[in-house]
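The values are calculated or read from the model by the stated rules, or taken from the named source; none is laboratory data. Nothing here was measured: the structure is a model prediction, and the numbers come from that model. When we count neighbours, we look across all protein chains shown, and the Cβ atoms used for this are built from the backbone with ideal geometry, even at glycine. Protein only, heavy atoms only, side chains kept; ligands, DNA and RNA dropped before computing areas. Shrake-Rupley method; radii C 1.70, N 1.55, O 1.52, S 1.80 Å.
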Amino acid sequence: MGLFDMFTQDIAIDLGTANTLIIHNNKIVIDQPSIVAIERSTGKPIAVGERAKHMQGKTHEDIKTIRPLKDGVIADFHASEHMIKEFIKQIPGIKGKLFQPSLKIVICIPSGITEVEKRAVRDSAQKVNAKEVRLIYEPMAAAIGVGIDVQKPEGNMIIDIGGGTTEIAVVALGGIVCDKSVKIAGDVFTNDIAYYLRTHHNLYIGERTAERVKIEVGSAVEELDVDIEDVPVQGRDLITGKPKEIMVNYKEIARALDKSIIRIEDAVMETLSLTPPELAADIYKTGIYLAGGGALLRGLADRLHKKTGLPVFVAEDPLRAVVRGTGIALKNMDKFNFLIK
């Protein structure tokens, strides 16, 4: 271990559309919403993460909240750079250091990403004093995080339903054999719910409320084995203009999400149809793994099982599967040859 290594910190980042997670010293040290609040007059950021999320939809004209990532890629370069910088500053092992240590970073990226978008991610990381940046494809990270041995000559299918994109991939021999990335994921589900309540109940609700409804009574099927209580939802009545509250049940949410889930199902079927026969034989035995926040949607695993006829497993702690996989990739940086320089 050289003198240089003493000042180098290794971190793994899952830079997500909805949440950013960071692993440092094998621990998840940051798990916060990917959102920045900016003061318009000065352009200075005033809050990131959880604090900025509380301001979402409640700002006056001098504050705007920005989600720097859209569909899994960086949409606002300055905001994303600032967000990464702030999050890294908050890491217990790094904050309060006399001088900023140089960093070795592994970041995961969607599989359907362009060269330009890749460069945006890499540039963002280099701005925070990273001397070495490696990228890993998200489905690969998810597969590792779920506990699949990706180096084996055996096919596994992983579906990672994040905030901005759903990544579907078949992995074997340390690589992605076939993959599909669709821009239908958590954010679209949230919008579906807001749209449904607006059109069916004349109730106008904000993004944060729609997301809460999704988490509390979200469902992919209209018939669930367990009964979920209806939730009260508050918003503005579009006819009278007054604030009002209605009760919403999971069956309605299942109807609201149906079209989007059909599109995810179709993408899964398409990926299966592109899988080489030997790997298809493996997948018949190993089944499908679900990761990402979307994996928590009630009845989704069941619905995919009915559609594909394959066993469907939900990762434990699916929200953190990708960052766990990225962390493992970071530890085995030299062994894994699928990290992108």
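On a C-alpha basis, how far is the centre of region 98-170 from the centre of region 216-247 in Å? Whole number, if you could? Taking the Cα centre of each part, region 98-170 and region 216-247 sit 36 Å apart.
Which whole number in µm²/s is D for region 268-341 by Stokes-Einstein, with the Kirkwood Rh taken over Cα pairs at 37 °C and 0.692 mPa s? Each step should come with its number before you reach the end.
Values: Rh = 14.1 Å.
The calculation lands on 232 µm²/s.
Compared with the direct C-alpha span, the chain from ASP149 to LEU274 gains 42.8 nm at full extension, assuming 0.36 nm per residue.
Between LYS307 and ILE340, the simple spin-label model (points 7 angstrom out along Cα→Cβ) gives 2.6 nm.
Counting only protein heavy atoms and a 1.4 Å probe, the chain has 48 square angstrom of accessible area per residue.
Report the per residue volume, in Å³, of the convex hull enclosing the C-alpha atoms of region 186-256.
On the way: hull volume 5.0 nm³, N = 71.
Dividing the Cα hull volume of region 186-256 by its residues yields 70 Å³.
The portion of the accessible surface of the chain made up by carbon and sulfur, rounded to a whole percent, is 51 (1.4 Å probe; DNA, RNA and ligands excluded).
Based on alpha-carbon atoms, the Kirkwood radius and the radius of gyration of the chain give Rg/Rh equal to 0.99.
Once backbone amide H atoms are built at 1.01 Å from N, THR20 has GLN32, SER34 as its partners under 5 Å, excluding neighbours fewer than 5 places away on the same chain. When the chymotrypsin sites (Phe, Trp or Tyr not before Pro) in region 64-134 are filtered for DSSP coil states and for at most 15 other beta-carbon atoms within 10 Å of their beta-carbon, the remaining sites are PHE99. The distance between label points at LYS131 and ILE228 comes to 4.9 nm (points 7 Å beyond Cα on the Cα→Cβ vector). The helix-based estimate of mean residue ellipticity at 222 nm for the chain, built from -39,500 (n - 2.57) per DSSP H run of four or more residues and divided by its residue count, is -11000 deg cm²/dmol to the nearest 500. Shape annotation for region 27-96: C-alpha extents along the principal axes are 38, 28, 20 Å, from largest to smallest.
Each label was represented as a point 7 Å from its Cα along the Cα-to-Cβ direction; for LYS242 and HIS60 these points are 2.8 nm apart.
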